[in-house]
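Since the structure comes first, as structure tokens, the remarks are kept for the end.
The values are calculated or read from the model by the stated rules, or taken from the named source; none is laboratory data. Quantities reported herein were computed from a predicted structural model and do not represent experimental measurements. Here Cβ is always computed from backbone atoms with ideal geometry, including for glycine, and neighbour counts include all displayed protein chains.
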């Protein structure tokens, strides 16, 4: 997805992130993606019983969040 002419990583439901500089090291998982009425794409992130809603642009910005690589097991 390109936002304002900048390429961002592909973000999908199930992807996991940590807030940058968060000492608690909570892992947030995307549970929903949608585009608001003004056309800005957003993600709902969950951690246990907590919920965050952030724009995809903020989520892709390493100043705010860090993606956690998925560990894939091979059959």
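Worth pointing out:
- Here residue 34 meets the list (1) in contact with a strand residue (DSSP E or B) (Cβ under 7 Å, 6 or more places away or on another chain); (2) loosely packed, with under 12 Cβ neighbours inside 10 Å; (3) outside any strand (DSSP E or B) almost entirely, failing just condition (3).
- Residue within segment 41-53 that is touching a helix residue (DSSP H, G or I) at 6+ places or on another chain (Cβ under 8 Å) and at pLDDT below 95 present: no
- Scanning segment 37-47 for residues that are more than 18 Å from residue 61 (Cβ to Cβ) and not in a loop (DSSP other than H, G, I, E, B) yields 46, 47.
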